[in-house]
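The values are calculated or read from the model by the stated rules, or taken from the named source; none is laboratory data. Small disclaimer: the values here were computed from a predicted structure and weren't measured. Glycine gets a Cβ as well: all are built from the backbone with ideal geometry, and neighbour counts include every protein chain shown. These accessible areas exclude ligands, DNA and RNA; they are computed on the full protein's heavy atoms, side chains included. Shrake-Rupley method; radii C 1.70, N 1.55, O 1.52, S 1.80 Å.
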Amino acid sequence: MPCRNRFLLLVPCIIGELMFKHEVCYENDKIGCFKTGYPWRSVTERPLYPPPESPWDNNVTVTFFARKTGPNIEDGHMVHIRDRIDFNDRDFDAARNKSFFIIHGFIDTRKRDWLRIMKDELLKKEDANVFIVDWGRGVFDINHYRQAASNTRVVGAVLARFIKHLNIEYNLPLGKIHLIGHSLGAHVASYAAKRMKGIGRLTGLDPAQPGFEGTPIEVRLDRTDALFVDVYHTNMRPFIPLAGFGMINPVGDIDVYYNGGYDQPGCGTLPKIFKIKDWKDLLNLPYNAYMVCSHLRAYEYFSASINSDCDVWAGKVNMPVDSIKSSTFGSQPVYSLVKSCSLETCTIAGYKADTPGLPREGVFSAITVGVDPPYCARNHENMIVNEEKISNEMERYKSTVKESTIKIIPSEIPQVTTMENDDMDEQADDFMFTSEPESQNIYDEVLFEIVKTNH
């Protein structure tokens, strides 16, 4: 019987090897070839994952916006970026301080309201270049998730080619680029950044878990992808059997777990009688179940953080006291017991996370206020802050920044070959959590003004 069980476990792998090609190439689209064996297919994390489809099948487009652009999605300049790149928008200016790329996930399209809201908030904050990246069919068909997950590799390659075009033709500095991806879009951003080393910032909004959790770094979002990688977790339950869609383990320079990273306030919860045993079971879930609401809350939190007059502060989680691996992690929320904020123990969750002087690495826990924007309280209640110490630390940081503080990204991770080990990410598999949430608000007016001014 044991031998029979082992054989049954190998059946999907054997069938997959017979069904799928070991490599697909899109040379005419100028993005090269893609290996399809391990680790892109595996018995445990990625069973029966098909090869990625062509850029034509994914219909990748970018729609450009600047402050002069009209308020509607249709007002932007949409460009298909397949074999030929025809981008010559007169409003694009590579000299602007920032260029944003917003990338949606599995079931979205470029016309979704959250993309417009985030675009508007960014342009209100910055005189910037903003691109909305659209890909895939935007159809909610859970049976096609595996194909969409594989397609992120091609979409990332196409986006990288467009970024390279802007870099060469317009002298757009890679360090001024900020990629923002939700769910599968976070992995699209990762694949693009892996090909274009030197991207300034990559923000992962509840990166998709199925097919990515526990995989080597060339398969998923990782802290080595950009100069600064910040990740926000809102739906980190195990996919099977609890239908969590967001990644569980930390994978960025900083990882922020909102409200424990498990369920978000105001979202529905999984019915106790409902059990997830297969992909098709997800089709019977109510729309407001936490797998949808909590997963989508990540981009709502980030959009609200851009121009809010208050901030959601996140306290650092000590790691590790008890090591918890991916296979068992996610059964309880992640909370921090930080009650006193300093630059060593707290950061700002969301848009301002890259403020000079704030921590550039670590795992953090953030508690939101209410169920509507801005999800924070202006008076930052119940947190003790050493005003003089924080003020002095911020000033000292500005005067002592050195080249040694800048993260150096290793050489490009190949997307057409495989890697044997995941040694670079061993520490991300260990995580410590505590079981009791504490309010993580700050009432320090001086700190707020310092950070706001320096940002």
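With the requirement that a residue be of a type in the set (V, I, T) and open to solvent by less than 10 Å² (accessible area, probe 1.4 Å), what does region 70-106 give you?
Passing the criteria: V79, I81, I102, I103.
T224 satisfies every condition listed in (1) farther than 24 Å from V292 by Cβ; (2) of a type in the set (S, T, N, Q); (3) in contact with a Phe, Trp or Tyr (Cβ under 6 Å, 6 or more places away or on another chain) except (3).
Quick grid of which residues meet (1) modelled with pLDDT of 90 or more; (2) open to solvent by less than 10 Å² (accessible area, probe 1.4 Å); (3) on the phi < 0 side of the Ramachandran plot; (4) of a type in the set (D, E, K, R):
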{"position": "Y290", "(1), (2), (3), (4)": "no, yes, yes, no"}
{"position": "C293", "(1), (2), (3), (4)": "no, no, yes, no"}
{"position": "Y299", "(1), (2), (3), (4)": "yes, no, yes, no"}
{"position": "N307", "(1), (2), (3), (4)": "yes, no, yes, no"}
{"position": "I324", "(1), (2), (3), (4)": "no, no, yes, no"}
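Taking region 200-229 as the range and being buried (at least 23 other Cβ atoms within 10 Å of the Cβ), small (G, A, S) and either part of a strand (DSSP E or B) or at pLDDT below 95 (or both) as the test, the residues that pass are G204, A208, G211.
Tell me yes or no: at least one residue of region 98-117 is of a type in the set (S, T, N, Q) and closer than 27 Å to P173 by Cβ.
yes
Which members of region 333-357 meet the condition of being surrounded by fewer than 23 Cβ atoms within 10 Å (Cβ to Cβ) and part of a loop (DSSP other than H, G, I, E, B)? Within region 333-357, P333, L337, V338, K339, S342, L343, E344, T345, T355, P356, G357 meet the criteria. I'm checking my understanding of the structure. Among residues of region 358-386 that are surrounded by fewer than 24 Cβ atoms within 10 Å (Cβ to Cβ) and not in a loop (DSSP other than H, G, I, E, B), which one is modelled with the highest pLDDT? The selected residue is G362. Just to verify a result, which residue in region 309-322, among those that are of a type in the set (D, E, K, R) and modelled with pLDDT of 60 or more, is most open to solvent (accessible area, probe 1.4 Å)? Here the residue is D309. Looking only at region 41-55, residues that are open to solvent by 10 Å² or more (accessible area, probe 1.4 Å) and touching a strand residue (DSSP E or B) at 6+ places or on another chain (Cβ under 9 Å) come to 3 in all. Which of the residues that make up region 168-199 are assigned to a helix (DSSP H, G or I), surrounded by fewer than 21 Cβ atoms within 10 Å (Cβ to Cβ) and not charged (D, E, K, R)? Residues satisfying the conditions are I168, L174, G175.
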